[in-house]
Amino acid sequence: MLTRAIVAAPALAAAIVALIGLMDGGSSPVTHPARQRAAAPAKVRKVDAGPGPPVLVAAARREVRTPKAITRAGSTFLTVEGRRAVVSDVPKPRGKVALTFDDGPGPLTRAFIKRLGALHVKATFFVVGYAVARHPKVVRELRAAGMSIGNHGVTHGHLATMKPVQQRAEIESQERAIQRLVGYRPLFFRPPYRSYSLVTAREIAAAGMVGSLWSVDSQDYNRPGVKRIVRNALTVRPGGVVLMHDFGGDRRQTLAALRPIVRKLRRRGLEPVTLDDLYRAASPP
């Protein structure tokens, strides 16, 4: 599990507390049923939001009952089907992988945009609330460059330890902040530290969203060196999702690793795409 610690600015953390009302509900423990099955991809909506192909957007809020258990049939997408939360993969990856970057925008995010542009690669950036508050223009620049935007919460906290109303505030207040900047509510929410519960799965689904996890952790947050980051990322398989970071610390090693990662993926016949593109191919029309 991730070992880095990311602390939100006190004023922004206080703002989140202010969003929390008196609502409450019990969190359900995550269970591990023996029976596993593949998840049917959820139907998604597409909108034309500027450069690049149409983006996938969140549906309207709806009532969702808390699942009773989690079926782990994969590692990358978290959805709710009936009374069960399901973690699944893309069923037919077709030579694609998704590069994703968490915890920005930060001081090096513009350099990531430039490097990815030079490599003719579109990627997905999961932005966190306190960083968005500091660098709102960079979020617009990401979208203008054709990158996909994902929701990474407001305070970068461990959702599994939060009350339901706090989890809802983390997800939905950040959705509104992103919508104000780029004009739409993104489909994907990534729980920080991969920390989630059955309540988290419910809140993501109730917000009309899909939970986004990952299949390969580059471990770039440990700053192990460019070669190790490259080696870790290249363990990805077709349809996989690579976790990297553009902020939350010094990310110069990650930036330097991008070129060899992309070149070596392409030599293997794997094209880096946005998470939207990866998921779109798996979703029914």
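The values are calculated or read from the model by the stated rules, or taken from the named source; none is laboratory data. Note that the structure is predicted; figures quoted are calculated from it, not measured. All Cβ positions, even for glycine, are placed from backbone atoms using ideal geometry, and neighbour counts span all protein chains on display. Just so you know, the surface numbers come from the protein's heavy atoms only, side chains and all, with ligands and any DNA or RNA stripped out. Shrake-Rupley method; radii C 1.70, N 1.55, O 1.52, S 1.80 Å.
For Ser173, are the conditions met, namely being surrounded by fewer than 24 Cβ atoms within 10 Å (Cβ to Cβ), out of contact with any Asp or Glu (no Cβ under 8 Å at 6 or more places or on another chain) and touching a residue at least 12 places away in the same chain (Cβ under 8 Å)? When the stated conditions are applied, Ser173 passes them.
Could you say which residue among Val64, Val47 is closer than 26 Å to Leu243 by Cα and either at pLDDT 75 or above or of a type in the set (A, V, I, L, M) (or both)?
Val47
Each residue in the range 75-128 was checked for being touching a Lys or Arg at 6+ places or on another chain (Cβ under 6 Å) and in contact (Cβ under 8 Å) with a residue 24 or more places away in the chain, and 3 pass.
Among the residues of the range 265-280, the ones that are part of a helix (DSSP H, G or I) and out of contact with any Lys or Arg (no Cβ under 6 Å at 6 or more places or on another chain) come to 8 in all. Is one or more of the residues making up the range 129-145 closer than 17 Å to Val210 by Cα and among the aromatic types (Phe, Trp, Tyr)? No, the conditions are met nowhere in the range 129-145. Test Ala257 against the stated conditions and say whether it is in contact with a helix residue (DSSP H, G or I) (Cβ under 7 Å, 6 or more places away or on another chain), among the small types (Gly, Ala, Ser), open to solvent by 10 Å² or more (accessible area, probe 1.4 Å) and assigned to a helix (DSSP H, G or I). Judged against the criteria, Ala257 is not a match. Checked against the criterion of being open to solvent by 10 Å² or more (accessible area, probe 1.4 Å) and closer than 30 Å to Ala256 by Cβ, the range 207-214 has at least one qualifying residue. In this entry, Gly211 is excluded by the filter for residues that are under 25 Å from Ala131 (Cα atoms) and either part of a helix (DSSP H, G or I) or out of contact with any Leu (no Cβ under 8 Å at 6 or more places or on another chain) (or both).
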